[in-house]
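Okay, structure first, notes after.
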Amino acid sequence: MGDKRRGRVDCDALLAKLDDLWREAGRPFYPEMVRLAKSMIDEGGPEEWRSLSTSTLSNVMNGKFTRLPAWPLIRTIVTVLYKHGTLHGRMDASPQKISTLTREFAEVWDAIETRYAPAGPAASPYVPGDILEPEVRLAQPAPTAFRMPRAWGRIGAAILRRAGQGDATAAYRAAVLLACEAAREEVTPAYRRQLLGEADGWKKEATGSVAEAMTLQLEGPGLLRAASDLAFRRGLRPQTSMIFIQAFLHVEHALQRKNADGEPQTRSIGG
């Protein structure tokens, strides 16, 4: 394990948690973890999983890196270990367990990233590239410098661009999309705060011009209703409607996860 004096990122806390989870999961061999990750990717879904290799796993698990591994990579490894543990009866299979694991690892990852990240413009945690590249920068940019997460594609980027040009309707839609992105389970705490801050900024830009902006809630059932309304609003192109349907599903999943111990939220999409 290196330290900052030798130009390496000190990830002792992260590596210790990964080692503990690996042991709890039954000490799976790396090829088995590679197969589990591939099956998760093949299943599809909204989550951003990373493909694994035995060399990648060896580098990460043994601290053979100079830069903090990307959060989607760490989250994939954590989920793979959880799945292996449940498949072999060593861990309880429950939404609460994986949610708790994800949150705990995100907090540790975020603390390390906060310590070492240089100031600079923010980058989305879904930008592809080297598996060990740092992918989040914590400096708060101006709204026009913030890039729409790639999950929303060119349509989302166009919405943000129009918002930056003074389009109040686009500003409202950008606020909804960014708030929905913040509801995703795999988003780290620092990036979630940044997304919500950006969403609030665009909400303020739209307030006074777009009626819904004044009462827009950036979390919870209010956000769910806003995403549902945009998903089925007349006059939107089908491609635009689809990204708001996806946004709705992110928030709905987050609410169901939050209420896992009680009655699940009733789906209101299209209602």
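Overview of results
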| item | result |
| --- | --- |
| Per-region count, region 206-218, residues under 19 Å from Val251 (Cβ atoms) and in contact with a helix residue (DSSP H, G or I) (Cβ under 7 Å, 6 or more places away or on another chain) | 6 |
| Checking Val60 against (1) in a helix (DSSP H, G or I); (2) more than 19 Å from Leu14 (Cα to Cα); (3) of a type in the set (A, V, I, L, M), the condition it does not meet | (2) |
| Conditions (1) among the aromatic types (Phe, Trp, Tyr); (2) modelled with pLDDT under 85; (3) crowded, with 17+ Cβ neighbours inside 10 Å; number of the one not met by Trp202 | (2) |
| Within region 40-54, considering residues that are surrounded by 12 or more Cβ atoms within 10 Å (Cβ to Cβ) and outside any loop (DSSP other than H, G, I, E, B), the one modelled with the highest pLDDT | Thr54 |
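The values are calculated or read from the model by the stated rules, or taken from the named source; none is laboratory data. If you're wondering where the values come from, they're calculated on a predicted model, not measured in any experiment. Cβ coordinates were reconstructed from backbone atoms using ideal geometry, including for glycine residues, and neighbour counts include every protein chain displayed.
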